[in-house]
Amino acid sequence: MFAKIAGFEFRYQLKNPVFWVTAAIFFLLTFGSVTIDEIQIGSGANVHVNSPYAMAQTELIFSLFFMFVSTAFVANVVVRDDETGFGALIRTTRVGKFDYLYGRFAGAFLAVAAAFLTVPLATFIGSLMPWVDPEKLGPFRASDYLYSYFVLALPSLFLTSAGFFALATATRSMMGTYIGVVGVLVLYTIVTTLAAKPEYMTAMAYLDPLGFGAIDKATRYWTVTERNTALVPLVGPLLWNRALWLTIAAALLGAAYCIFRFELRGRKLSRRERRDAATPTSPRRIDVRAVPRFDAAASRAQLWARTKLDMAQVFKSPAFFVLLALGLFNSGVGMWFMDGNYGVDIYPVTRLMIGVLQGAFGLIPLIVAVYYAGELVWRERDRGTEEIIDVAPVPDWVFVVPKIVAIALVFIALLAVSILAALAVQSLKRYGDFEIGKYLWWYLTPLTVSLTLFAILAVFVQALVPHKFVGWGVMVLFIIVLTVMGQLGLQHNLYRYGAGLLGPLLSLSDMNGQGRAGEGGWWFRGYWSAIALVLGVLTYALWRRGTETRLRPRLARLPCRLAGPAGGILAAAVVVAIGAGGFIYLNTNIWNTYHTDKDNDRWNADYEKALLHYETLPQPKITDVSLNVALYPDAPRALVRGVYVIQNKTTAPIRMLHVRFDHYLKVISLSVEGARPKQ
């Protein structure tokens, strides 16, 4: 019976959308750390991205974030039967307490382990990508992947799964368990921060539940060669650490067995409930005469009702709280440990906090859009109620618009909560200049617009595909393609949908805010908003309704669906997109010179080739600098006047002085005492 229950639970979790969303998130995060130079998790300097040390660091870090995911899997098995009403039926069978409780846990933990397999899988696939610099890669060794997964990551996953399974068993509440997860993460962060001193290194090697301390102690003085080739030996503190916390995990599972009551205890009624139950009631006849209305007011009422329904599905979903907590923890840690430059502490100014939020919190809303677009579009068909809903006298746009509005409101809620987290970090760091307007105008408003465009695309894809899992796969592939395009030199925002989805569209400044670039950002958002409106109209025109779900019949009736106001909106959106796109191209590529990162790399390579033969010539040293810099932030322009004092500290005479300037810099005049320009 144990094996059958475990197998059932494992199959159930594999059908759960949370499993695939989680697998996609961690695959993308790991894939990005391997293939994108700007994202470094376990590697750095000359350490290979697929080295044993890098994989150990990556999998330990992600096992920390996986606490939210483990809770979503293992805590749900305790309360699910009672919430769905099947608990009483199961208790009438001959299923034993041991088989039921541990069979459910075993199946859920197998799902946790399977979802985490995407981390080493993404490392392997990422190392095969053609654009990855070969110097960043080491040889493939299967033992490195197996060791990092089974020795380092899996025990940590088992510990967190057992701990939060026991907590869910005690509280019988998913919300209470999530609160416990957040509390554990906060406590763990505080303790590890306070214990980051040499005198606590040995103690943390044994007591750190995730093994960071043991790994740090074992590899602290390793050379780059050792980190690229050697596995962390399973001896000493690391061995004792794994044994200690696996024992504690087993004890937590034993505690869950003692706490869990297989019998259902009734709730004691209150005095008012007992009085109401004892009072006889007589049936009343209610005469209701409904008068159907099909005017604009009725459509607005239907729109609001559908929007509330769609929002409730999102805000009441455990996956939403998992993603929110994951994003808050990631961004909160990033904001709290924001380093200074060159060893100098910096103030947590709004500009820097927004930069951290855009980097650490940016992926979570994308996953929310992809996940809930599928859930909302396919809700009725998943529950078998589509034929009842589709015959209702409701226009198709009332089905389409609320889903987009609901996801957009969820974005606003997510970003608003992240702003509150930033304000909390600033307050805890005793920085009192809370610039709410900048958070709203630089962060919440533009990012909400870009994310809503992405949500429209996700709903459009779900309206086309034959199954929501196919739609999720298409959107995950789209995110990967959007990421890869930048690495291939395809960086123009005219063909990168959404403009600013995977990173800030423009830089921020405490001196002049977004500057003139802010206007360009809104031009791009206007351009993509027009294209998104085209997708929204096509979603309405191709909306599946009734028993016919094939795409070809819907395409055949597309002209009829667009013969009316929808076609006019579509035509206007196309005209706006063409006009805005043409102006952007004229401004970016004709009136100005457009450079990609590939162009800059090519220029630097040509520069080095052209000047390489001057490498060994003697050059003087700058001994003193006096500059008068006039800044014009609104232009933007900077005018620099000044004097450099240079001195020949070599033993050879210098007959020619080579001066290097950035290729974007315009030199008005340059003079060197006692010299004349050669070119």
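Ignoring the sites themselves, what is the longest stretch of the chain with no GluC sites (Glu not before Pro) in a DSSP loop and at most 15 other beta-carbon atoms within 10 Å?
Between exposed loop sites, the widest span is 264-614.
If packing is taken as the average count of other Cβ atoms within 10 Å, what order do 455-464, 137-146 fall into, highest mean first?
By packing density, highest mean first, the sequence is 455-464, 137-146.
Using 0.36 nm times the number of residues separating Val470 and Leu239, minus their current alpha carbon distance, what extension gain do you get?
Length gained, Val470 through Leu239: 78.8 nm.
Cα-Cα pairs above 17 Å in the stretch 89-136: how many percent?
59
Compare the peptides 653-665, 590-602 by average per-residue count of other Cβ atoms within 10 angstrom and give them in order, highest first.
Order by mean packing, descending: 590-602, 653-665.
Accessible area of the chain with a 1.4 Å probe: how many percent of it is carbon plus sulfur?
Here it works out to 63 percent.
Tell me the Kirkwood hydrodynamic radius of the chain in angstroms, computed as one over the mean inverse distance between distinct C-alpha pairs.
29.5
Once the dipole of the chain is set up with Lys and Arg at +1 and Asp and Glu at -1 on Cβ about the Cα centre, which of Phe320, Leu457, Trp304 lies farthest towards its positive end?
With unit charges placed on the Cβ atoms, the residue in question is Trp304.
With axes computed from alpha carbons, what is the tilt in degrees of helix 97-116 against the longest principal axis of the chain, rounded to the nearest 10 within 0 to 90?
30
Based on alpha-carbon positions alone, could you give the equivalent ellipsoid semi-axes of the stretch 132-178 from the gyration tensor, as √(5λ), descending, whole Å?
37, 13, 5
Roughly how many Å² is the accessible area per residue of the stretch 387-464, as a whole number, for a 1.4 Å probe?
38
What distance in nm lies between label points placed 7 Å from Cα along the C-beta direction at Glu519 and Tyr664?
My value for the distance between the label points is 1.8 nm.
Relative to the first principal axis of the alpha-carbon coordinates of the chain, what is the inclination of helix 565-585, with its axis defined by its Cα atoms, in degrees from 0 to 90 and to the nearest 10?
The two axes meet at around 20 degrees.
Between Ala406, Val95, Leu428, whose Cα lies farthest towards the positive end of the dipole of the chain when Lys and Arg beta carbons carry +1 and Asp and Glu beta carbons carry -1, centred on the Cα centre?
Farthest along the dipole direction, towards plus: Val95.
Between Val391 and Tyr632, what length comes free when the chain is fully extended (0.36 nm per residue of separation minus the Cα-Cα distance, one decimal in nm)?
Taking Val391 through Tyr632 to full extension adds about 80.4 nm, to one decimal.
Need one number: nm distance between label points at Leu490 and Ala230, each 7 Å from Cα along Cα→Cβ, rounded to one decimal.
Spacing of the two 7 Å Cα→Cβ label points: 4.4 nm.
Report the one residue of Asn648, Thr593, Tyr614 whose Cα lies farthest in the direction of the positive end of the charge dipole of the stretch 591-679 (charges on C-beta: Lys and Arg +1, Asp and Glu -1; origin at the Cα centre).
Of the candidates, Asn648 comes out farthest on the positive side.
Based on the alpha carbon coordinates of the stretch 591-630, what radius of gyration and maximum Cα-Cα distance (Dmax) apply, in Å?
For the stretch 591-630, the Cα radius of gyration and maximum Cα-Cα distance read 16.2, 41 Å.
So if we plug the beta-carbon distance of Lys197 and Ser427 into 1/(1 + (r/R0)^6) with R0 = 35 Å, what FRET efficiency do we get, rounded to 0.05? If you can, show how the numbers build up before the last one.
Numbers: r = 26 Å, r/R0 = 0.75.
Plugging the Cβ-Cβ distance into 1/(1 + (r/R0)^6) gives 0.85.
Between Leu586 and Leu657, how high is the FRET efficiency from 1/(1 + (r/R0)^6) when r is the Cβ-Cβ distance and R₀ = 60 Å? Nearest 0.05.
Working: r = 42 Å, r/R0 = 0.70.
E(calc), rounded to 0.05, equals 0.90.
Where the only charges are on Cβ atoms (+1 Lys, Arg; -1 Asp, Glu), what is the dipole of the chain about its Cα centre, to the nearest 20 debye?
I would put it at about 2040 debye.
From the cross-link list Lys136/Lys197; Lys403/Lys468; Lys609/Lys678; Lys609/Lys649; Lys598/Lys678; Lys197/Lys429, which pairs have alpha carbons spaced over 25 Å apart? Write down the numbers at each step before the final one.
Working: Lys136/Lys197 31 Å; Lys403/Lys468 15 Å; Lys609/Lys678 20 Å; Lys609/Lys649 27 Å; Lys598/Lys678 32 Å; Lys197/Lys429 21 Å.
Long pairs (Cα-Cα over 25 Å): Lys136/Lys197; Lys609/Lys649; Lys598/Lys678.
Please go through the stretch 531-596 and write out the trypsin sites (Lys or Arg not before Pro) that DSSP classes as loop and that have at most 14 other C-beta atoms within 10 Å. Could the numbers behind the result be given before it?
Working: sites: Arg544, Arg545, Arg550, Arg554, Arg557, Arg561; in loops: Arg544, Arg550, Arg557.
Taking the stretch 531-596 and a limit of 14 other Cβ atoms within 10 Å, the loop trypsin sites (Lys or Arg not before Pro) found are Arg550, Arg557.
For a quick check of your reading of the filter: which chymotrypsin sites (Phe, Trp or Tyr not before Pro) in the stretch 370-443 sit in a DSSP loop and have no more than 11 other Cβ atoms within 10 Å?
Here no chymotrypsin sites (Phe, Trp or Tyr not before Pro) fit, given the DSSP loop and packing criteria.
Multiplying the sequence separation of Trp441 and Ala296 by 0.36 nm and subtracting their Cα-Cα distance, what value in nm do you get?
Stretched fully, the Trp441-Ala296 segment lengthens by 48.9 nm.
For the stretch 132-219, rounded, prolate or oblate, judged on the Cα gyration tensor with a ≥ b ≥ c (square roots of eigenvalues), a/c < 1.5 rounded, else prolate if a/b > b/c?
Since a/c reaches 1.5 but b/c is at least a/b, the shape of the stretch 132-219 is classed as oblate.
Short version: what are the Cα gyration tensor semi-axes of the stretch 539-653, square root of 5 times each eigenvalue, largest first, in whole Å?
Largest first, the stretch 539-653 gives 63, 22, 12 Å.
Order Ile584, Ile404, most accessible first, counting only protein heavy atoms with a 1.4 angstrom probe.
On the way: Ile584 10, Ile404 30 Å².
Largest accessible area first, the list is Ile404, Ile584.
What 222 nm value per residue comes from the helices of the chain, counting each DSSP H run with n ≥ 4 as -39,500 (n - 2.57) and dividing by all residues, nearest 500 deg cm²/dmol?
-19500 deg cm²/dmol
Helix 396-428 against the longest principal axis of the chain: what's the angle in degrees, Cα atoms only, rounded to the nearest 10?
The angle comes out at about 60 degrees.
Taking a quarter of the surface of the convex hull around the Cα atoms of the stretch 552-601, what do you get in nm²?
The number I arrive at for the stretch 552-601 is 5.8 nm².
The values are calculated or read from the model by the stated rules, or taken from the named source; none is laboratory data. Quantities reported herein were computed from a predicted structural model and do not represent experimental measurements. As a convention, Cβ positions derive from the backbone with ideal geometry for all residues, glycine included, and neighbour counts pool all protein chains shown. For the accessible areas, the whole protein counts, side chains as well, though only heavy atoms, and no ligand, DNA or RNA atoms are used. Shrake-Rupley method; radii C 1.70, N 1.55, O 1.52, S 1.80 Å.
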